Amino acid sequence: MIYISAFGMVNALGNNLVHIAAQLQAGHAPGMQPRDGWLQDGKRCWLGEVQGALPLIPVALAAHNTRNNQLLLAALAQIRPVVDAAIAQYGRDRVAIVLGTSTSGVDEGDRQVDDALSGYDYRMQELGDPSRFLAHFLALDGPAYTISTACSSSARAIISGQRLIDAGLADVALVGGADSLSRMPINGFASLDSLSERHCAPFSADRDGISIGEAAALLLLTREKHPLALLGCGESSDAWHMSAPHPEGVGAERAMLMALQQAGLQPQDVGYINLHGTATPLNDQVESAVIHRLFGERVPCSSTKHLTGHTLGAAGATEAALAALILQQQQQLPLPPQDFSLAARDTSLPACGLITTPQLLARPVIASNSFAFGGNNTCLIVGKPHE
């Protein structure tokens with residue numbers, strides 16, 4: 001079994017675990033706001049921004065000076081002592097880094113075109129840069145690479161870290177992902193008519209698209225026993241359409257079944273499902289149908305994207321870290337309900353266990369779904385091990 005020895009994150013909810021837990025319980029994200037200046041047509045849209053100052057990139061690593069990498073440093077700072085202890089225990093060549101991103105430093109590249117950004121280096125926007133940067137920053141010699149499979153990127157990074165440890169190629173793996181706000185994906189989703197001009201409303205009757213957010217999340221995986229574990233992982237690629245999910249969710253269902261099988265669990269063993277829940281008409285329809293088939297209405301579930309925004313390549317790790325936080329504070333931190341205060345629930349969707357009021361986690365097992373363009377599907381199951 002692979003355990004989670006530490007985790008850290010930053011997103012629109014807050015800049016550390018204490019603030020994130022408090023805002024998650026309040027159902028309010030300070031960083032989720034309507035914003036101007038991002039869309040080419042001049043319209044306003046809701047975006048989730050990490051607020052406050054971020055760590056500076058060291059001068060020696062100026063070629064990696066991007067907001068993406070600053071977000072990673074903010075998440076790393078929360079778990080740095082545990083990471084340093086793992087490096088000291090196992091050696092710099094036995095610590096792997098696997099990260100997911102969909103934008104890397106493309107925002108810096110975009111601003112370079114407009115403003116001749118001072119100090120710009122093309123390597124900033126290479127998709128491999130986040131892992132390369134962290135490996136240099138921590139002076140590591142183990143495997144280090146980045147995965148970019150759109151919105152499942154960092155979930156796949158977590159799965160890859162598990163496999164590196166299982167294969168004996170590393171003793172611990174620093175996994176997760178980061179994505180910063182950027183005009184390219186924001187306008188790209190707008191061109192697909194998938195970006196909401198309002199605060200996104202997953203599973204509502206008049207949902208009309210996503211609200212993009214920025215975030216970073218890091219988890220340290222190890223074979224050593226800890227109170228939290230990565231119980232199971234599942235992944236699939238149905239390749240149904242370039243940007244739309246399979247209408248029957250066959251790939252999504254396969255990923256969830258694979259995660260349950262690896263974890264040795266039945267659907268009724270799961271205490272909560274963090275849904276992909278993007279608030280696009282098709283995603284919520286398909287995901288509701290799959291949850292209905294596998295879990296019926298028995299398992300509490302909700303999407304947290306109205307609180308963090310859809311953090312793209314960082315979404316899988318962000319929501320896995322939120323799951324770990326809920327498990328860590330199981331008796332104090334309630335499950336986040338789906339907010340239908342501003343938009344009525346879509347009662348035409350297949351029935352599933354959407355919760356509308358806070359409740360405590362009854363069974364210490366959380367499944368987290370992340371689905372991506374190209375029919376790329378993942379499911380992670382995090383929980384307290386029975387051993």
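The values are calculated or read from the model by the stated rules, or taken from the named source; none is laboratory data. On a predicted model such as this, the values are computed, not experimentally measured, just so you know. In this analysis, Cβ positions are derived from the backbone assuming ideal geometry, glycine residues included, and neighbour counts consider all displayed protein chains. We work out accessible area using only protein heavy atoms, side chains counted, and drop any ligands, DNA or RNA first. Shrake-Rupley method; radii C 1.70, N 1.55, O 1.52, S 1.80 Å.
Taking trypsin sites (Lys or Arg not before Pro) that fall in a DSSP loop and have at most 15 other Cβ atoms within 10 Å as cut points, what is the longest piece of the chain between them?
93-222
Which of the GluC sites (Glu not before Pro) found in segment 222-327 are in a DSSP loop and have at most 13 neighbouring Cβ atoms, other than their own, within 10 Å?
Glu224, Glu297
Based on the alpha-carbon gyration tensor of segment 241-357 and its eigenvalue square roots a ≥ b ≥ c, which shape applies: rounded if a/c is under 1.5, prolate if not and a/b is larger than b/c, or oblate?
rounded
Under a crude label model (7 Å from the Cα following the beta-carbon direction), how far is Asp269 from Val113 in nanometres?
So the two model labels end up 4.9 nm from each other.
Any idea which of Ala62, Asn274, Val382 is furthest toward the positive side of the dipole for the chain, if Lys and Arg beta-carbons carry +1 and Asp and Glu beta-carbons -1?
Val382
Going by the alpha-carbon gyration tensor, a ≥ b ≥ c the square roots of its eigenvalues, is the chain rounded (a/c under 1.5) or, if a/c is not under 1.5, prolate (a/b greater than b/c) versus oblate?
oblate
Would you calculate a helix-derived [θ] at 222 nm for the chain, using -39,500 (n - 2.57) for each DSSP H run of n ≥ 4 and dividing by the full residue count, to the nearest 500?
My calculation for the chain gives -10000 deg cm²/dmol from helical runs alone.
Starting from the Cα gyration tensor of segment 1-144, take the square roots of the eigenvalues, sort them a ≥ b ≥ c, and report rounded, prolate or oblate (rounded when a/c is under 1.5, otherwise prolate if a/b is larger than b/c, else oblate).
Taking the square roots of the gyration eigenvalues as a ≥ b ≥ c, segment 1-144 is oblate.
Counting alpha carbon pairs within less than 8 Å and at least 6 residues apart, what relative contact order, in whole percent, applies to the chain?
22
Given the Cα atoms of segment 116-274, and with Rh set as the inverse mean 1/r over their pairs in the Kirkwood sense, what is Rg to Rh to two decimals?
Taking Rg over the Kirkwood Rh, I get 0.99.
Can you send over the carbon and sulfur percentage of the accessible area for segment 1-65, probe radius 1.4 Å, protein chains only?
Roughly 53 percent, rounded to a whole number.
Quick check: with the 1.4 Å probe, what order do Met124, Met184 take by accessible area, largest first?
Met184, Met124
Assuming R0 = 25 Å, what is the FRET efficiency of Ala244 and Lys43, from their Cβ-Cβ distance, to the nearest 0.05?
0.60
Between segment 154-206 and segment 351-387, how far is it from one alpha carbon centroid to the other, in angstrom?
First find each Cα centre; the distance between them is then 16 Å.
Report, in debye and to the nearest 20, how large the dipole of the chain comes out about its Cα centre when Lys and Arg carry +1 and Asp and Glu carry -1 on their Cβ.
About 720 debye.
Show Val18, Val175 ordered by accessible area, largest first, where the area counts protein heavy atoms only and the probe is 1.4 Å.
Ranked from most to least accessible, the order is Val18, Val175.
For the pair Gln331 and Ser237, how long in nm is the line joining their label points, each one 7 Å along Cα→Cβ?
4.5
Taking the simple approach of a point 7 Å from Cα along Cα-to-Cβ for both Asp206 and Asp36, what is their distance in nm?
2.4
When only Cα pairs under 8 Å and 6 or more residues apart are kept, what is the percent relative contact order across segment 97-207?
35
Heavy atoms only, probe 1.4 angstrom, no DNA, RNA or ligands counted: give me Ser236, Ser341 ranked by accessible area, highest first.
From most accessible down to least: Ser341, Ser236.
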